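What follows is a short report on a single structure.
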Amino acid sequence: MTYDLTFAKEVYQNSEEGHWIKMCMQCGVCAGSCPMGFLGAWTYSPRQLFQMVRAGMRDEVLTSSDMWMCTSCYNCIVRCPRNLPITHIVHGLARYASVQGKANPKQPTHQFAKDIFWENIVATGRVGEAALTMKLYFKDGIGEGIKQGLEMKDSALGMLKAKRLKPLPFRGKIKGYPGFKAMLKKAFELENQKEGKA
């Protein structure tokens, strides 16, 4: 196999923590530690994604849903013999795929993070569980929302009884909301500078 390092260099420079990929020795401990692997959730394990980066398989990596499957359990980081920040690398690849417009807009985790969670937290400064759940369940229409709500009713009632779910939407904004907005604005400025947009 001939290696084209163009994409690897692109990832090393532009994807958060992507430069660590060159330190991966392909031992596969990350794959063996990942709970999503046991569930058969991915096509390519982190080790395989890193090798695909090195092999110049740009489209295959950036359009893959596998990096969106990471649950951030950190088993891979704890067990990696080289102490690589695998979770952060995988999240960096997912973010880079999104920035490059390659992430599947219908990929559930991408859609949740970009369209539902982000809007929810920016609106008030905190996550409102009720509004978040409603938007998630009804994103594909009223019928699908009702169906999902009924499927999850026992879990919701259990969470209500345990006081882990607030039934009423969070109203108003957090204390210090202008500071929160200023922090987000600065983060966007820094991100745009990093991506060469500013």
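The values are calculated or read from the model by the stated rules, or taken from the named source; none is laboratory data. Nothing here was measured: the structure is a model prediction, and the numbers come from that model. Here the Cβ is made from the backbone with ideal geometry for all residues, glycine too, and neighbour counts use every protein chain on show. Just the protein is used for accessible areas: all its heavy atoms, side chains included, with ligands, DNA and RNA removed. Shrake-Rupley method; radii C 1.70, N 1.55, O 1.52, S 1.80 Å.
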task: With the condition kept exactly as written, say whether any residue in segment 100-118 is exposed (fewer than 14 other Cβ atoms within 10 Å of the Cβ), closer than 30 Å to Arg47 by Cβ and small (Gly, Ala, Ser).
output: yes
field: Tally, over segment 6-34, of residues that are out of contact with any Phe, Trp or Tyr (no Cβ under 8 Å at 6 or more places or on another chain), of a type outside the set (Phe, Trp, Tyr) and open to solvent by 50 Å² or more (accessible area, probe 1.4 Å)
entry: 8
- request: Determine whether Glu119 is within 30 Å of Lys173 (Cα to Cα), at pLDDT below 95, in contact with a Leu (Cβ under 6 Å, 6 or more places away or on another chain) and among the acidic types (Asp, Glu).
  value: no
task: Starting from segment 159-181, take each residue that is touching a residue at least 60 places away in the same chain (Cβ under 8 Å) and over 15 Å from Thr133 (Cα atoms) and list its partners that are assigned to a loop (DSSP other than H, G, I, E, B) and not hydroxyl-bearing (Ser, Thr, Tyr), counting only C-beta distances under 6 angstrom and pairs at least six apart or across chains.
output: none
statement: Taking segment 38-50 and keeping residues within 12 Å of Thr71 (Cβ to Cβ) and either among the basic types (Lys, Arg) or crowded, with 19+ Cβ neighbours inside 10 Å (or both) leaves Trp42
- request: With a cut-off of at least 1 residues that are under 19 Å from Ala55 (Cβ atoms) and in contact with a Gly (Cβ under 9 Å, 6 or more places away or on another chain), name the helices (runs of 4 or more DSSP H) lying wholly within segment 1-45.
  value: 6-14, 29-33
- prompt: Could you list, in sequence order, the residues of segment 57-94 that are among the aliphatic types (A, V, I, L, M), in a loop (DSSP other than H, G, I, E, B) and touching a Cys at 6+ places or on another chain (Cβ under 9 Å)?
  reply: Leu84
- prompt: Yes or no: Lys106 in contact (Cβ under 8 Å) with a residue 12 or more places away in the chain and outside any helix (DSSP H, G or I)?
  reply: no
- request: For Ser72, work out the one condition from (1) farther than 12 Å from Leu93 by Cα; (2) surrounded by 20 or more Cβ atoms within 10 Å (Cβ to Cβ) it doesn't fulfil.
  value: (2)
message: Among the residues in segment 165-179, are any open to solvent by less than 60 Å² (accessible area, probe 1.4 Å), assigned to a helix (DSSP H, G or I) and farther than 30 Å from Asn14 by Cα?
response: yes
statement: Of the residues in segment 123-158 that are in contact with a Leu (Cβ under 7 Å, 6 or more places away or on another chain) and within 24 Å of Lys181 (Cβ to Cβ), the one that is most open to solvent (accessible area, probe 1.4 Å) is Glu129
query: Could you say whether any residue in segment 83-95 is open to solvent by 90 Å² or more (accessible area, probe 1.4 Å), under 30 Å from Lys22 (Cα atoms) and in contact (Cβ under 8 Å) with a residue 12 or more places away in the chain?
result: yes
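When the residues of segment 182-193 are narrowed to those that are free of Cβ contacts under 8 Å to residues at least 12 places away in the same chain and among the aliphatic types (A, V, I, L, M), which ends up nearest to Gln13 (Cα to Cα)?
Here the residue is Leu190.
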